[in-house]
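Q: Sharing a structure with you now.
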Amino acid sequence: MAGLTPLTRAWRPAVLGLAGLYFLVPLAASVVFTVDVPGRGLTFDAYTRIIGTEGFLTSLLLSLGLAAATIAVVLLLLVPAAVALRLGAPRLRPVVEAVCSLPLVVPPIAFVAGIGTVLKWGPEHLSRTPLFQTFVALQNPDFPVVLVLAYAVMALPFAHRALDAGLRAVDVRTLVEAARSCGAGPVRALVTAVLPNLRGALMNAAFLTLALVLGEYTVAQLLGFRPFAVWIVNVSGSQAQMSVAVSVLSLLVTWVLLLALAGAGGRTPGARRARTAKGTP
Amino acid sequence: MTPTPTPTAATVEFRGLRRTFGTTTALDGLDLTVAPGELLALLGPSGCGKTTALRMLAGFETPDSGSVLVDGRDVTRVPAHRRDAGMVFQSYSLFPHLDCVDNVAFGPRMRKTGRAERHRQAAELLELVGLGDKGDRYPHQLSGGQQQRVALARALALRPRVLLLDEPLSALDAKVRLTLRDEIRRIQRELGITTLFVTHDQEEALSTADRVAVMRGGRLEQCAPPAELYGRPATAFVAEFVGTMSRIPGRLHGGTVEVLGHRLPVDGEAPAAREVDVLVRPEDLRVTADGACSARIVATAFLGATTRLTVRLADATEVKADLPTHEAAALAAGDAVTVAPRERPVLVAARPA
């Protein structure tokens, strides 16, 4: 910490401590509330009961499935688009950025109202066409594809930003051209030369999408599906202690998943960003 | 461990290449032929179209009209990855996620060469560029010069018929630049590979290339061996772009020009006007101390064996003259001197308005 004034040196731990307290106190209080039952002492009853409660596993698995599908859709959509934008039309970047930020401005309520309207309109007008079956399949309660599509839109602002930051750190054009002059076709150049250097950005985009999907309540509830967040709210009404236990558990699940993702995308020695110095002697 | 030379060095031909980007014309009808095994430097100020021409040969740009031929075959529309051209870029272009061996083996990997075979080739090429012991290093662990060496090895890995160098030395510091350019020349000779070398550094072009093509405004000004380019520049632009050149006012008399009180034969075309500028190299001016003369030394710059004097003539024209350092030792800024041209044919150019 050379070069810092004593004041800064003292402030750093203080700020860190305050922020830590802000996050940890409610968490600790929640944990204490779930394990310390008046008159019975320390018990993990609330947690063991969760496993047995109807809908726990199905809703958790549904949420995980939705998250995986959303991450796939978002990355498949955004990565080629972002790279193409960088190579072919850098001037359009502000436009794409604005479009990708739109979901932040539209409130989920309005968004879900729009989706609801389309879902109602569709079957009424398309009942005699093959599209009718598509609408039915979209809303299959076992795996509501419509939620994946909605979440993909909602994740756009976060995923786009994460990817854009990653792309900024590598010289995409030079990497692609270098790969192409080494005999790689356009797609292979992207997959073998660019993507490995975006590992960090892809991970970040996946993290953010995962966190969003696991915690999303409004859209799922209003469309009548029952992923994990909706289930938590449903059970919490009746059993106070267990509902808090479920919240703590869902936090832990999210953390574990994020750690697992980070582990899977672990750093390789070469995964540092490319130096892209352009000299002008 | 010398890799086998490229089986057949290719002839490269640019025919009437034209390309505009918006309102700027990058190439305005470029015609140029590169002989098999030749190292040709494309030299010119920035924006002269040299990089565009190179990128057209690489397949990264398409001309509006005209064609690129390799060994007589029109490759204008062939995609970059089927061009058989290895390229070294100006910016560091190694794949950051691969070590040196895998970087060099990237091309063979794309061509489905077996792992053992491509690693053997890569090791051989790294040996060739003097980095045989750095195979397991990642790009960020190498210096700029080392990175460009690896990039050169990578460009050679597919035994390309043409090697393209896009200002590969411009990001490096002066000393590394000198050694690496000699290295490039040595390797190019050893492999006998047809090479196009884009640079804006005239010294680099003159010292490495078999021929230098000077470009301006998307057109070829002159393409000649370095000595000819320097000694017999075809145009005033080439004369002034290559090496140092002073403009001294002179007056035409038929086939001769009067300059600094001397009459010299005119080399090449002379403009229609009588009042012209005479183009003189620093080594073609003699400077002697002469208290009575009105020319004065403005500055001296020590260059080692020679010293460059900047002299202001009576009419306020400033000229550069190179003197052996031991002769220049007697002179200092502020001294009155006589400046005289050596007796040899000179180039003349129209006086700028």
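Q: Exactly one condition in (1) outside any loop (DSSP other than H, G, I, E, B); (2) open to solvent by 30 Å² or more (accessible area, probe 1.4 Å) is not met by A:GLY166; state its number.
A: (2)
Q: Among residues belonging to segment B:5-34 that are of a type in the set (Gly, Ala, Ser) and open to solvent by less than 40 Å² (accessible area, probe 1.4 Å), point out the one that is farthest from B:GLU221 (Cα to Cα).
A: The extreme case among them is B:ALA9.
Q: Can you find, within segment B:133-146, the residue that is nearest to B:LEU206 (Cα to Cα) among those that are more than 8 Å from every other protein chain (Cβ to nearest Cβ) and within 23 Å of the chain's Cα centre (by Cα)? Lay out the reasoning, then the answer.
A: First, pick out the residues of segment B:133-146 that are more than 8 Å from every other protein chain (Cβ to nearest Cβ): B:133-137, B:141-143, B:145-146.
Filter once more, so that each one left must be within 23 Å of the chain's Cα centre (by Cα): B:145-146.
Numbers: B:GLY145: 21, B:GLN146: 24 Å.
Among residues in segment B:133-146 that are more than 8 Å from every other protein chain (Cβ to nearest Cβ) and within 23 Å of the chain's Cα centre (by Cα), the one nearest to B:LEU206 (Cα to Cα) is B:GLY145.
Q: On to the next question. Every residue in segment A:201-223 that is open to solvent by 50 Å² or more (accessible area, probe 1.4 Å) and free of Cβ contacts under 8 Å to residues at least 40 places away in the same chain, please.
A: The answer is A:GLY215, A:TYR217, A:GLN221.
Q: On to the next question. Tell me which of these B:ALA329 doesn't satisfy, since it passes every other one: (1) surrounded by 13 or more Cβ atoms within 10 Å (Cβ to Cβ); (2) in contact with a Ser or Thr (Cβ under 9 Å, 6 or more places away or on another chain); (3) aliphatic (A, V, I, L, M).
A: (1)
Q: List pairs: first in segment B:119-145 and over 22 Å from B:GLN188 (Cα atoms) and surrounded by fewer than 18 Cβ atoms within 10 Å (Cβ to Cβ), second at pLDDT below 95 and among the basic types (Lys, Arg), Cβ under 6 Å, 6+ apart or cross-chain?
A: From residues that are over 22 Å from B:GLN188 (Cα atoms) and surrounded by fewer than 18 Cβ atoms within 10 Å (Cβ to Cβ), the pairs are B:HIS140/A:ARG272.
Q: Suppose we filter segment A:243-281 for residues that are open to solvent by less than 20 Å² (accessible area, probe 1.4 Å), in a helix (DSSP H, G or I) and either modelled with pLDDT under 80 or within 14 Å of chain B (Cβ to nearest Cβ) (or both); how many remain? Before you say what the answer is, go through the steps one by one.
A: Filtering segment A:243-281 down to residues open to solvent by less than 20 Å² (accessible area, probe 1.4 Å) leaves A:243, A:245-246, A:248, A:265, A:270, A:274, A:279.
If we keep only those that are in a helix (DSSP H, G or I) too, we end up with A:243, A:245-246, A:248.
Retained after the next criterion (residues that are either modelled with pLDDT under 80 or within 14 Å of chain B (Cβ to nearest Cβ) (or both)): A:243.
Here the count works out to 1.
Q: So, in segment B:147-161, how many residues would count as being in a loop (DSSP other than H, G, I, E, B) and facing another protein chain (nearest Cβ under 8 Å)? Let's see the steps before the verdict.
A: Our first condition is that a residue be in a loop (DSSP other than H, G, I, E, B); within segment B:147-161, this holds for B:157-161.
If we keep only those that are facing another protein chain (nearest Cβ under 8 Å) as well, we get B:157-158.
Residues flagged as in a loop (DSSP other than H, G, I, E, B) and facing another protein chain (nearest Cβ under 8 Å) within segment B:147-161 amount to 2.
Q: Right, something else. With the requirement that a residue be touching a Cys at 6+ places or on another chain (Cβ under 9 Å) and either outside any strand (DSSP E or B) or of a type in the set (S, T, N, Q) (or both), what does segment B:327-350 give you?
A: B:THR338
Q: Looking at (1) β-branched (Val, Ile, Thr); (2) modelled with pLDDT of 85 or more; (3) open to solvent by less than 50 Å² (accessible area, probe 1.4 Å), which is the only condition A:VAL187 fails?
A: (3)
Q: Would you mind finding the one in B:LEU331, B:LEU313 that is more than 22 Å from B:ARG232 (Cα to Cα) and free of Cβ contacts under 8 Å to residues at least 60 places away in the same chain?
A: Step by step, each of B:LEU331, B:LEU313 is checked, and only B:LEU331 is more than 22 Å from B:ARG232 (Cα to Cα) and free of Cβ contacts under 8 Å to residues at least 60 places away in the same chain.
Q: Name the helices (runs of 4 or more DSSP H) wholly inside segment A:44-153 in which the number of residues that are open to solvent by less than 70 Å² (accessible area, probe 1.4 Å) and closer than 30 Å to A:VAL194 by Cα is 3 or more.
A: Qualifying helices (runs of 4 or more DSSP H): A:56-88, A:93-105.
Residues are listed down the side, and each one gets a yes or a no for (1) within 14 Å of another protein chain (Cβ to nearest Cβ); (2) touching an Asp or Glu at 6+ places or on another chain (Cβ under 9 Å):
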position	(1), (2)
A:ALA179	yes, no
A:CYS182	yes, no
A:ARG188	yes, no
A:ARG199	yes, no
A:ASN204	no, no
A:THR209	no, no
A:ALA229	no, yes
A:VAL233	no, no
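Q: Would you confirm whether any residue within segment B:180-203 is surrounded by fewer than 18 Cβ atoms within 10 Å (Cβ to Cβ), assigned to a helix (DSSP H, G or I), within 12 Å of chain A (Cβ to nearest Cβ) and not small (Gly, Ala, Ser)?
A: Yes: segment B:180-203 contains one or more residues that are surrounded by fewer than 18 Cβ atoms within 10 Å (Cβ to Cβ), assigned to a helix (DSSP H, G or I), within 12 Å of chain A (Cβ to nearest Cβ) and not small (Gly, Ala, Ser).
Q: Looking at this structure, is B:ALA305 of a type in the set (A, V, I, L, M) and open to solvent by less than 10 Å² (accessible area, probe 1.4 Å)? Steps first, answer last, please.
A: Working: of a type in the set (A, V, I, L, M): yes; open to solvent by less than 10 Å² (accessible area, probe 1.4 Å): no.
No.
Q: So, restricting to helices (runs of 4 or more DSSP H) that lie completely within segment B:1-117, which ones have at least 1 residues that are of a type in the set (Phe, Trp, Tyr) and within 14 Å of another protein chain (Cβ to nearest Cβ)?
A: B:106-110
The values are calculated or read from the model by the stated rules, or taken from the named source; none is laboratory data. The structure presented is a predicted model; accordingly, all values stated were derived computationally and were not measured. A quick note on method: Cβ atoms are made from the backbone with ideal geometry, for glycine too, and the neighbour counts reach across all protein chains shown. Keep in mind that these areas ignore ligands, DNA and RNA; they rest on the heavy atoms of the full protein, side chains included. Shrake-Rupley method; radii C 1.70, N 1.55, O 1.52, S 1.80 Å.
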